[in-house]
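Please read the structure below before turning to the comments.
The values are calculated or read from the model by the stated rules, or taken from the named source; none is laboratory data. Being a predicted model, the structure only gives us computed values, none of them experimental. Protein only, heavy atoms only, side chains kept; ligands, DNA and RNA dropped before computing areas. Shrake-Rupley method; radii C 1.70, N 1.55, O 1.52, S 1.80 Å.
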Amino acid sequence: MAETSELAFPRQFVKWVFSTQGDSAFAHAGTALRESMQSAAGVNAMASRIATRFGEMQGTDAEVQFAEGEL
């Protein structure tokens with residue numbers, strides 16, 4: 001299991017997204033994510049679609065950290 005410090009930013013990012021703080025999430029997103037979401041309003045719209053489809057987030061069952069790209 002990864003150290004807490006390694007998961008601090010991902011946890012914060014998810015918190016921003018699901019508390020409609022798209023401006024913070026967008027400001028800290030990488031290039032690919034910014035291009036995908038296009039704006040802070042796009043982040044908030046995505047969070048709204050997720051909540052509408054799946055309901056409000058209740059909790060976290062597990063956390064997994066993985067490397068992106070080639071290993």
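Data overview
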| item | result |
| --- | --- |
| Accessible surface, the range 15-67, averaged per residue in Å² (probe 1.4 Å) | 75 |
| Shape category assigned to the range 1-65 from the gyration tensor of Cα positions, a/c cut at 1.5 | oblate |
